[in-house]
Structure formats: structure tokens, C-alpha cells
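Enquirer: I am attaching a structure below and will ask some questions about it afterwards.
Coordinate-derived values only; no laboratory data. Everything numeric in this text was worked out from a predicted model, so none of it was measured. Using ideal geometry, Cβ is built from the backbone for each residue, glycine included, and neighbour counts are taken over all protein chains shown.
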Amino acid sequence: MKFAEVMKTDDWKTEKHVPVIDCPDTVKAGEKVAVEVGVGNEIAHPNTTEHHIRWIKLYFMPENGKFAYELANFDFAAHGESVEGANKGPAYTEPFGKALIKLTSSGTLLVTAYCNIHGIWENSKKIVVEA
Ligand SMILES: [Fe+2]
């Protein structure tokens, strides 16, 4: 079995698990660019002790490159856990992350997100780097 067979994807506007990448389509080489990643941008994903997004990872595959690079890793650790029981805790981490990146070549940003009961989901976005 290949990892690609395990990854799920869909239209993020109708499927609440699909992570979304928000950044400019075109950037200048070497400039700092803010890239936001999130799950549930259109339809909120549950954030409970039993059902939540654990992490989102962001990668970059250069246009003429052979290998992908991990850019950022966001772990979401609080989902209402408490000694009083599930969903009685005082803290929740929402599935959102922001990274500042600099690129020197065009390529594709890739994102994966993990739901603790619905598995791993992916999405991608092309980014053009101008000299
Ligand atoms: Fe889920």
C-alpha cells in the first residue's frame, strides 16, 4: 500500500476535513510571505475531546526539484480534556497555523491535516516566485 492511497481529499467548500492554504498566488524571490493553513474554513470541524484535528503540516515541492521540503508543523494539543471529564476542560486549540516563509523558486505548497477519527487529508496550491 502507498501512503497516497491513505490520504483523502475533496472540495474544501463541502468537505470539512480538507485543509486550506491561504497565501498570495505570486510572490517575489526571497521576500517574507505569510502562509496560513486551516481546517474547517467553510464548514467548521468539531473540536471536542473525542473528535478533533490533531495536526497540520505544510510542505513545499519546488517546480524542478526532486524532493519535497517540510516548511511548518502545527500541533493542536488541547481539546477540552479535564480531570472532570471529556469536554469539561478550559482550553481548546483551533486547527489553524501561520508560517512566514521565503522561496527562491516557484512550486507547489502542500498541506496535510490529521483528524483523530477520520484520518489524513490533503490539499495543495501552486505558488509562482518572480525574480
Ligand atoms: Fe473528523
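Enquirer: How big is region 63-125 by Rg and Dmax over its Cα atoms, in Å?
Expert: Expressed in Å, the Cα Rg and Dmax of region 63-125 come to 16.4, 53.
Enquirer: What does the charge count near Asn73 come to, summing +1 for each Lys or Arg and -1 for each Asp or Glu among other residues with Cβ under 14 Å from its Cβ?
Expert: Result for the local shell: +1.
Enquirer: Across region 63-74, in residue order, what do the Karplus-derived ³J(HN,Hα) couplings come to in whole Hz, using 6.51 cos²θ - 1.76 cosθ + 1.60 with θ = phi - 60° and x for Gly and Pro?
Expert: Whole-Hz 3J(HN,Hα) from phi for region 63-74: 3, 10, x, 9, 10, 8, 10, 7, 9, 7, 9, 10.
Enquirer: Find the Cα radius of gyration of the chain, compare it with 2.2 N^0.38 Å by division, and give the number to two decimals.
Expert: 1.15
Enquirer: Taking the Cα centre of the chain as the origin and placing charges on Cβ (Lys, Arg +1; Asp, Glu -1), which of Gly65, Val39, His17 is farthest toward the positive end of the dipole?
Expert: The residue sitting farthest along the positive end of the dipole is Gly65.
Enquirer: Let me have the relative contact order for the chain, percent, based on Cα pairs under 8 Å that are six or more residues apart.
Expert: That works out to 33 percent.
Enquirer: Quick check: net charge around Gly38, other residues with Cβ under 15 Å of its Cβ, Lys/Arg +1 and Asp/Glu -1? Could you put the intermediate results ahead of the total?
Expert: Numbers: positive: Lys13, Lys16, Arg54, Lys57, Lys98, Lys125; negative: Glu15, Asp22, Glu36, Glu42, Asp75, Glu94, Glu122.
Taking every Cβ under 15 Å from that of Gly38, the sum is -1.
Enquirer: Could you name the lysines whose alpha carbon sits less than 25 Å from that of Lys125, not counting residues in the same chain fewer than 8 places away?
Expert: Hits, sequence-local ones excluded: Lys2, Lys8, Lys13, Lys16, Lys28, Lys32, Lys57, Lys66, Lys98, Lys102.
Enquirer: Given the rule -39500 (n - 2.57) for each run of at least 4 DSSP H residues, summed and divided by the residues of the chain, what is its mean residue ellipticity at 222 nm, to the nearest 500 deg cm²/dmol?
Expert: Working: 1 runs with 4 residues, N = 131.
Calculated at 222 nm, the ellipticity per residue is -500 deg cm²/dmol.
Enquirer: Using Cα pairs under 8 angstrom and six or more residues apart, how large is the relative contact order of region 50-104, in percent?
Expert: 29
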